[in-house]
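The values are calculated or read from the model by the stated rules, or taken from the named source; none is laboratory data. Because the structure is a prediction, the values reported are computed rather than measured. Positions of Cβ are backbone-derived with ideal geometry, glycine not excepted, and every protein chain shown enters the neighbour counts.
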Amino acid sequence: MRAERFGAIAELVRPRALVFVDRAFARRLGAASSAWASDPAGDGDVGGRPLSAPIEAHLQLTNRCDVGCQGCYTGATAHGAPGEWGAEEWKRALDHLAERGVFHLALGGGESAILPWLGEVAAHARARGMTPNLTTSGLAGLDDLLPIAHLFGQINVSMDGIGPAYAAVRGSDRFAEADRALRLLRARKREVGINVVVTRLNFADLDEIIRYARRRRLNEVELLRFKPAGRGAAAFAGLTCSDAQHRAFWPTVSRAARRHRIRIRVDCSYTPMLVHHRLDRRLLERLAVYGCIAGDFLVGARANGALSACSFAPPAPGRPRLDDLAAYWEKDDAFGPFRAWRDADEPCRSCEYHSLCRGGCKAVALHLEGDARRPDPECPRVVDFRRGRAGRIRLPIAV
Amino acid sequence: MAPRGRILATRFGLNPNSSSLGVDVTFLLLGAAALSIFTPVVGALLRLRRGSSAHVVDPPSPAPTE
């Protein structure tokens with residue numbers, strides 16, 4: 001449990017949940033903060049200010065991977081990145097995160113399953129009270145991963161299509177290997193799912209992909225928006241979903257979830273596409289559904305320990321490392337534009353969902369607009385606003 | 001008598017993906033009524049767990065950004 005300005009965040013193991021409670025509830029659970037007395041207005045105000053520390057850290061343990069996917073957001077190569085950390089550096093950083101009260105770790109790469117010390121790091125995280133979770137391609141390191149699968153809370157295999165569709169999105173035809181990895185991991189534990197990067201090529205196949213997950217008795221499907229980072233920057237224009245697909249995302253996903261009765265998770269960058277359908281704002285709040293929470297609910301770290309607001313963001317200003325997190329977190333300008341979402345342009349400023357959505361994905365805004373502070377240009381509301389504004393400008397000229 | 005307090009929000013599940021913070025949309029489908037039924041259960045589970053002397057971290061609050 002971790003004390004917060006608004007109260008506390010408590011962790012439940014069954015069901016798996018992080019529960020945000022106000023100060024009165026926190027006191028009943030035995031939590032209290034010295035900061036509460038000087039800030040009476042903060043009681044119950046989730047999101048009013050950044051959390052006292054991230055709830056989750058996204059750690060790229062290595063940038064080594066020889067699969068060469070065309071859209072790889074880290075630009076992973078067979079040689080990895082210069083100055084990659086080893087087990088001892090990561091374990092020291094985990095100690096630091098544990099002292100800050102971080103709950104969950106999302107371990108990725110590159111392909112972290114090839115690291116001979118992955119189990120050592122995962123066990124260390126467990127010993128420090130954090131839950132390590134893992135994403136793998138399933139295409140390398142599987143024999144070493146299977147015996148340590150129990151150390152992870154959830155393991156997801158990247159799976160962007162079924163059969164030939166896999167190759168169309170990822171650029172190499174290795175569906176059979178990824179499918180085998182899924183079956184073997186599922187035989188070891190229940191908490192196994194797939195990550196699906198949604199692109200304009202596989203959008204029409206989402207129902208089939210979700211049906212496949214159900215057939216393999218997986219416990220979840222996580223749907224990820226394509227991001228313009230790493231090799232994904234060059235591939236973005238050809239792979240990002242169309243505006244029509246973004247608008248159809250929620251109806252498509254909700255239909256598939258009902259039909260196949262499987263848990264579906266959607267990534268933070270999809271929040272604009274959810275709120276476009278005017279979902280119940282109060283319900284979104286109660287489920288802590290937020291848009292960009294980089295540099296607040298989560299942080300990222302590169303393979304050399306460089307701290308960033310999220311995995312797609314450039315290294316944080318001043319180039320702090322993960323083990324500098326405590327000092328950096330307190331800075332007024334920490335994470336630059338990622339914490340400046342309240343200072344928004346239209347149409348975000350007047351949007352009733354802005355305090356939840358926070359302007360959408362800043363990685364997309366940075367790539368397409370050159371400024372992470374700009375509204376997410378793929379948000380349907382932003383698209384409509386700009387079409388309307390362009391119309392108003394053109395009209396007198398046409399006349 | 002001390003106030004009982006409120007559950008403000010609940011994030012379900014674990015996120016294995018190192019590139020985003022996934023949100024479980026199950027309750028978006030089930031709706032507010034289902035969550036209203038589930039929230040008291042979560043509260044009861046938390047209070048039950050209190051007896052297990054949960055470790056409490058109290059990091060300093062960050063500076064305001066506004």
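Residues are listed down the side, and each one gets a yes or a no for (1) of a type outside the set (Ser, Thr, Tyr); (2) buried (at least 17 other Cβ atoms within 10 Å of the Cβ); (3) within 14 Å of chain B (Cβ to nearest Cβ):
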residue: A:Ala78; (1), (2), (3): yes, no, no
residue: A:Ala81; (1), (2), (3): yes, yes, no
residue: A:Lys91; (1), (2), (3): yes, yes, no
residue: A:Ala113; (1), (2), (3): yes, yes, yes
residue: A:Ser158; (1), (2), (3): no, yes, yes
residue: A:Ala178; (1), (2), (3): yes, yes, no
Which residue, of A:Leu29, A:Leu18, A:Leu94, is in contact with a helix residue (DSSP H, G or I) (Cβ under 7 Å, 6 or more places away or on another chain) and either among the hydroxyl-bearing types (Ser, Thr, Tyr) or under 17 Å from A:Gly153 (Cβ atoms) (or both)?
A:Leu94
Does B:Leu46 satisfy the condition of being modelled with pLDDT of 75 or more and at the interface with another protein chain (Cβ under 7 Å from one of its Cβ atoms)?
yes
What about A:Gly163, is it under 24 Å from A:Arg255 (Cβ atoms), touching a Phe, Trp or Tyr at 6+ places or on another chain (Cβ under 6 Å) and among the small types (Gly, Ala, Ser)?
yes
Starting from the stretch A:256-268, take each residue that is free of Cβ contacts under 8 Å to residues at least 12 places away in the same chain and within 7 Å of another protein chain (Cβ to nearest Cβ) and list its partners that are assigned to a helix (DSSP H, G or I) and surrounded by fewer than 20 Cβ atoms within 10 Å (Cβ to Cβ), counting only C-beta distances under 9 angstrom and pairs at least six apart or across chains.
A:Arg258/B:Leu29
When the stretch A:190-224 is checked residue by residue, the ones that are acidic (Asp, Glu), outside any strand (DSSP E or B) and within 19 Å of the chain's Cα centre (by Cα) are A:Glu191
Inter-residue pairs, beta-carbon under 8 Å, first free of Cβ contacts under 8 Å to residues at least 60 places away in the same chain and in the stretch A:86-108, second basic (Lys, Arg), 6+ apart
A:Leu94/A:Arg128; A:Asp95/A:Arg128; A:Ala98/A:Arg128
Tell me, please, whether a residue that is more than 7 Å from chain A (Cβ to nearest Cβ) and at pLDDT below 70 can be found in the stretch B:30-42.
no
Of all residues in the stretch A:56-67, which are surrounded by 23 or more Cβ atoms within 10 Å (Cβ to Cβ) and either out of contact with any Ser or Thr (no Cβ under 8 Å at 6 or more places or on another chain) or among the acidic types (Asp, Glu) (or both)?
A:Glu56, A:Ala57
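Is one or more of the residues making up the stretch A:315-328 touching a Ser or Thr at 6+ places or on another chain (Cβ under 9 Å), at pLDDT 95 or above and either surrounded by 20 or more Cβ atoms within 10 Å (Cβ to Cβ) or closer than 28 Å to A:Asp280 by Cβ (or both)?
No.
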How many of the residues in the stretch A:355-380 are of a type outside the set (A, V, I, L, M) and surrounded by fewer than 19 Cβ atoms within 10 Å (Cβ to Cβ)?
7
Here is a check on your reading of the model: is A:Ala334 over 16 Å from the mean Cα position of the chain (by Cα), at the interface with chain B (Cβ under 9 Å from one of its Cβ atoms) and in a helix (DSSP H, G or I)?
no
Close pairs (9 angstrom Cβ cut-off, 6 or more residues apart or separate chains): outside any helix (DSSP H, G or I) in the stretch A:160-188, basic (Lys, Arg) anywhere
A:Asp160/A:Arg170; A:Gly161/A:Arg170; A:Ile162/A:Arg211
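Can you find a residue in the stretch A:216-231 that is touching a residue at least 24 places away in the same chain (Cβ under 8 Å), touching a His at 6+ places or on another chain (Cβ under 7 Å), within 12 Å of another protein chain (Cβ to nearest Cβ) and of a type in the set (Phe, Trp, Tyr)?
Within the stretch A:216-231 (the criterion being touching a residue at least 24 places away in the same chain (Cβ under 8 Å), touching a His at 6+ places or on another chain (Cβ under 7 Å), within 12 Å of another protein chain (Cβ to nearest Cβ) and of a type in the set (Phe, Trp, Tyr)), the answer is no, since none of the residues qualifies.
Rundown of residues vs (1) touching a helix residue (DSSP H, G or I) at 6+ places or on another chain (Cβ under 9 Å); (2) under 21 Å from A:Gly48 (Cβ atoms), yes/no style:
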{"position": "A:Pro315", "(1), (2)": "no, no"}
{"position": "A:Pro320", "(1), (2)": "yes, no"}
{"position": "A:Ala327", "(1), (2)": "no, no"}
{"position": "A:Lys331", "(1), (2)": "no, yes"}
{"position": "A:Ala363", "(1), (2)": "yes, no"}
Of the criteria (1) charged (D, E, K, R); (2) surrounded by fewer than 21 Cβ atoms within 10 Å (Cβ to Cβ); (3) closer than 30 Å to A:Trp90 by Cβ, which one A:Arg215 fails:
(3)
Test: A:Arg174 is within 22 Å of the chain's Cα centre (by Cα), among the charged types (D, E, K, R) and surrounded by fewer than 24 Cβ atoms within 10 Å (Cβ to Cβ)
no
So is A:Cys241 away from chain B (no Cβ under 12 Å) and not in a helix (DSSP H, G or I) or not?
yes
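Conditions (1) small (Gly, Ala, Ser); (2) surrounded by fewer than 21 Cβ atoms within 10 Å (Cβ to Cβ); (3) at negative phi, marked per residue:
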{"residue": "A:Ala10", "(1), (2), (3)": "yes, no, yes"}
{"residue": "A:Arg28", "(1), (2), (3)": "no, yes, yes"}
{"residue": "A:Ala37", "(1), (2), (3)": "yes, yes, yes"}
{"residue": "A:Asp43", "(1), (2), (3)": "no, yes, yes"}
{"residue": "A:Gly48", "(1), (2), (3)": "yes, yes, yes"}
{"residue": "A:Cys69", "(1), (2), (3)": "no, no, yes"}
Looking at A:Leu146, A:Leu139, A:Leu94, can you tell me which residue is closer than 18 Å to A:Gly68 by Cβ and not in a strand (DSSP E or B)?
A:Leu139
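Any idea how many residues of the stretch A:8-48 are part of a strand (DSSP E or B) and facing another protein chain (nearest Cβ under 7 Å)? Write out each step before concluding.
Of all residues in the stretch A:8-48, those part of a strand (DSSP E or B) come to A:8-12, A:17-22.
With facing another protein chain (nearest Cβ under 7 Å) added as a condition, the list becomes A:10, A:12, A:17-22.
Residues meeting the conditions: 8.
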